[in-house]
1. Could you tell me which residue of region 74-83 is farthest from residue 144 (Cα to Cα), considering only residues that are touching a residue at least 12 places away in the same chain (Cβ under 8 Å) and either of a type outside the set (Phe, Trp, Tyr) or assigned to a loop (DSSP other than H, G, I, E, B) (or both)?
2. It is to be established whether one or more residues within region 124-135 are in contact (Cβ under 8 Å) with a residue 40 or more places away in the chain, assigned to a helix (DSSP H, G or I) and among the small types (Gly, Ala, Ser).
3. Using the structure shown, decide if residue 349 is aliphatic (A, V, I, L, M), assigned to a helix (DSSP H, G or I) and over 25 Å from residue 88 (Cα atoms).
4. Do we find that residue 479 is closer than 17 Å to residue 216 by Cβ and modelled with pLDDT of 90 or more in this structure?
5. Of the residues 173, 163, 150, 141, which single one is small (Gly, Ala, Ser), at pLDDT below 85 and buried (at least 24 other Cβ atoms within 10 Å of the Cβ)?
6. Regarding region 353-361, can at least one residue be identified that is among the β-branched types (Val, Ile, Thr), surrounded by fewer than 18 Cβ atoms within 10 Å (Cβ to Cβ) and assigned to a helix (DSSP H, G or I)?
7. Is it the case, given these coordinates, that residue 108 is in contact with a Pro (Cβ under 8 Å, 6 or more places away or on another chain), polar (S, T, N, Q) and assigned to a helix (DSSP H, G or I)?
8. Restricted to region 487-500, and to residues that are touching a residue at least 60 places away in the same chain (Cβ under 8 Å) and not in a loop (DSSP other than H, G, I, E, B), which residue is farthest from the chain's Cα centre (by Cα)?
Amino acid sequence: MQQVSSSTMQRILNKVEVWGNKLPDPAVLFIALTAIVWVLSWIFSGIDFNAIDPRSGQALVINNQMSGSSITQFFSSMVTNFSHFHPVGVVLVAMLGIGVAEYSGFINAGLRALMAVTGKWLLTPMIIMVGIMSHSAVDAGYVLVIPLGGVIFYAAGRHPLAGIAAAFAGVSGGFSANFLPSSLDPMLAGISQAGAQILDPQLELNPLNNYFFTAISSVLIIALGWFITDKIVEPKLKDNKLDGDLSDLPSMEPLSDKERSALKWALYSILIGIVVLVGTSVIDDSPWRAADGTLTASSAPLMRSIVPLIFLMFLMPGLVFGMRMGTISTSRQFIEGMTKAMQSMGYYLAIMFFIAQFIYSFGQSNLGVLLAVKGAEFLKAMALPGGVTIAGIILLTGFINLFVGSASAKWALLAPIFIPMLMQLGISPDLAQAAYRVGDSSTNIITPLMPYFPLVVVFCQRYVTKAGIGTLTAMMLPYSVTFLIIWTLFLLLYWTLGIPLGVQANFDYVPK
């Protein structure tokens with residue numbers, strides 16, 4: 001039998017890695033992309049595309065980013081583009097707490113305790129499942145689960161980049177799969193409802209209209225990710241030698257009695273924090289609730305405080321463990337843990353500066369809106385059967401996702417086009433939204449334009465210093481292609497069998 005490493009697929013992935021790593025540094029890549037956006041906006045700014053902007057209902061116009069007013073506005077907003085860029089704050093705040101927990105030895109001891117009770121063969125599905133569950137904590141999975149995937153695999157004697165790949169597949173590739181409802185559910189349902197009311201002003205959607213589908217999809221993503229990690233990705237990575245600074249990574253040594261006692265008290269502190277949070281949340285007039293009384297709405301203080309809460313949930317046990325072990329006995333050591341974490345973020349911050357400028361220019365130009373509108377018009381003009389149309393929606397969404405990363409922003413552009421179009425074909429907004437979610441998730445993990453992609457490259461470089469865009473893309477390509485194909489077929493089968501999509505959801509739309 002031919003070895004996996006010499007198979008056609010492995011040769012293709014090796015070429016993807018080689019050519020991908022020949023691309024410029026990610027920061028330089030985004031400088032070039034910003035320049036391309038400026039030039040394209042100048043070329044297309046005088047053209048009438050005969051298209052309507054779904055956000056305003058007005059004629060869609062490409063804004064010339066090389067005009068004097070646009071250039072001065074770009075420079076005047078450059079600082080706020082960076083300082084207000086959402087992924088920057090999310091990563092840095094979470095890393096402050098994680099830094100203390102790592103410095104004190106809490107994470108090291110916790111992982112060793114976890115490894116003592118988890119078989120190596122179960123690590124992959126466990127990491128993917130945790131990555132999927134992390135969606136309930138907004139973007140926390142990117143800064144928490146993905147690096148821990150590498151550490152856990154390394155501690156188990158497996159290739160750490162395979163652990164990062166598995167975690168990334170769960171966190172980002174399975175973004176629309178979750179056993180638990182998240183703030184994304186009501187957000188997307190609200191946008192879908194607004195799109196549907198263009199044709200049917202009385203139509204209302206349940207915020208959990210896709211919940212059954214996303215919950216069952218979690219099992220599918222875990223199974224696919226498990227197979228791809230163990231049979232395709234990890235065998236390929238055997239040639240990627242570990243040459244990073246691994247001196248501070250955990251070993252597999254059993255916990256000492258002192259460590260076990262310190263870990264117990266640290267976990268008690270987490271339990272106390274959770275009890276306090278739950279106790280203050282469940283009361284009817286809790287200040288954690290949104291104005292409508294819900295806890296899971298995107299406007300609820302609880303949902304808006306997820307990252308600070310993660311900061312505290314690592315800070316508290318980190319301090320307790322450090323004080324019990326003597327690794328943190330002074331305020332200087334406490335701050336040193338945070339400082340050490342920030343030192344590793346220098347490269348990430350440099351990249352984020354240029355990503356923020358690119359996203360600003362791309363958004364101001366309206367090129368992304370033009371791409372979405374014209375793609376949807378193309379699908380509508382083809383007048384394909386329902387199942388083929390749904391597959392086309394998924395593929396188009398996956399393609400647009402390579403350029404427009406935000407799930408909510410992208411759906412805000414596409415929903416007013418897709419949903420009325422599909423309603424006229426008898427396809428419900430619930431099904432249209434499910435199709436969008438499949439396409440949106442599947443290609444997250446292969447686009448360097450996704451704001452957290454460079455952060456994952458940084459995580460890889462901790463173990464393999466030569467790792468770059470090509471390395472990560474080659475690792476994630478099997479997941480992306482497989483998820484896109486199998487998940488699409490799964491949705492079509494799900495539709496054929498008539499399994500409910502979610503609460504008060506339908507597959508068909510019948511005008512009243």
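1. Only one residue tops the list, namely 77.
2. Looking for residues that are in contact (Cβ under 8 Å) with a residue 40 or more places away in the chain, assigned to a helix (DSSP H, G or I) and among the small types (Gly, Ala, Ser), one finds at least one in region 124-135, hence yes.
3. It is false that residue 349 is aliphatic (A, V, I, L, M), assigned to a helix (DSSP H, G or I) and over 25 Å from residue 88 (Cα atoms).
4. no
5. Being small (Gly, Ala, Ser), at pLDDT below 85 and buried (at least 24 other Cβ atoms within 10 Å of the Cβ) holds for just one of 173, 163, 150, 141, which is 141.
6. Checked region 353-361: no residue is among the β-branched types (Val, Ile, Thr), surrounded by fewer than 18 Cβ atoms within 10 Å (Cβ to Cβ) and assigned to a helix (DSSP H, G or I).
7. yes
8. By that ranking, first place goes to 495.
The values are calculated or read from the model by the stated rules, or taken from the named source; none is laboratory data. These numbers come from a predicted model, not from an experiment. Because the Cβ atoms are built from the backbone with ideal geometry, glycine has one as well, and the counts that use them run over all protein chains shown.
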